[in-house]
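Just so it is clear, none of the values below were taken in a lab; they were calculated from the coordinates. The structure presented is a predicted model; accordingly, all values stated were derived computationally and were not measured. Cβ coordinates were reconstructed from backbone atoms using ideal geometry, including for glycine residues, and neighbour counts include every protein chain displayed.
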Amino acid sequence: GPDVLALLATISDGFQACLFSATLSGTGVDIFAEELLADAEVIQIDAANKKSDQVSQQVYFADNKDHKQALLRAFVNDESCQSAIVFCNKKERADEVTDWLQSQNISAQVMHGDFNQATRRDKTRKFRIGQIKVMVATDVAARGLDLTNISHVINYDIPFKGDVYIHRIGRTGRAEQVGTAINLVEHHDLKNLERIEFHLKAKLPIAKIKGLEPKSKINKSKAKKKTDKPRYVAKKDRVSAESSSD
């Protein structure tokens with residue numbers, strides 16, 4: 001933006017300028033690049049619609065907020081969940097989810113744009129060493145996180161764009177490890193889910209937890225269209241995989 005251009009104006013000639021972005025695209029970026037760079041060589045890696053084979057992805061339908069919270073609690077309390085990033089679309093929702101998790105005696109902290117760099121580093125350190133189990137974050141706040149020990153990514157809010165979804169689930173399944181991506185989908189999230197599946201060129205498998213099955217007719221009718229879906233059984237907040245033939 002203008003600040004970057006003003007800074008460059010103070011630098012003498014003969015320097016090298018590079019522009020990197022993992023998420024930006026479109027004409028706005030092209031225009032900015034033309035202003036910033038002269039005779040630039042563009043290197044683009046088109047991997048935005050590729051999902052990692054190291055990441056298991058499932059959709060869990062939720063009837064309402066209470067149902068979604070119950071599903072979230074079951075997953076983060078499961079013994080397979082060593083550490084998790086829970087994504088929310090807005091910082092107000094991230095604060096709300098963090099407060100609720102803490103009220104359930106779950107070790108959680110929030111990360112969003114309201115925190116300064118020192119606080120962000122401290123939160124990241126606590127998460128990295130396992131002092132905090134669950135990091136609730138917005139997309140902007142999570143961009144600076146570079147961790148390899150995330151077992152679960154949970155989309156409490158479904159993102160609006162497919163490339164954002166790819167970047168979210170890319171937080172798990174790193175360094176040859178297996179990761180799990182959970183998508184908690186309410187009725188109002190169905191359009192976003194369709195956009196993501198269109199971006200992936202694949203349908204995400206639908207799963208359920210015994211005792212926490214959705215009651216919504218829309219959810220059930222959509223779920224019946226899927227076959228060979230993984231099934232999970234929750235017992236005392238533990239989730240174990242079972243095969244399903246329905």
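Name the trypsin sites (Lys or Arg not before Pro) in segment 91-146 that are in a loop by DSSP and that have at most 12 other C-beta atoms within 10 Å, would you? Numbers along the way, then the final one.
Details: sites: Lys91, Arg93, Arg120, Arg121, Lys123, Arg125, Lys126, Arg128, Lys133, Arg143; in loops: Lys133, Arg143.
Listed in order of number, the matching sites are Arg143.
Dipole of segment 108-220, Cα-centred, from +1 at each Lys and Arg C-beta and -1 at each Asp and Glu C-beta, to the nearest 20 debye? Don't jump to the answer; show the numbers that get you there.
Details: 21 positive and 12 negative charges, 46 e Å.
Using only the charged Cβ atoms, the result is roughly 220 debye.
Order by neighbour count: His199, His152, fewest other Cβ atoms within 10 Å first, most last. Walk me through the numbers on the way to the answer.
Working: His199 17, His152 23.
Ascending Cβ contact count within 10 Å gives the list His199, His152.
Treating each Cα of segment 55-202 as one equal point scatterer and applying the Debye formula with no solvent, the log10 of I(q)/I(0) at q = 0.10, 0.11, 0.19, 0.20 Å⁻¹ comes out as -0.30, -0.37, -1.19, -1.33.
Just the number: Rg to Rh for segment 84-140, Cα atoms, Kirkwood Rh, two decimals. Write out the running numbers ahead of the final one.
Numbers: Rg = 10.4 Å, Rh = 11.2 Å.
Rg/Rh: 0.93.
Reducing segment 162-208 and segment 92-122 to their Cα centroids gives an inter-centroid distance of 22 Å.
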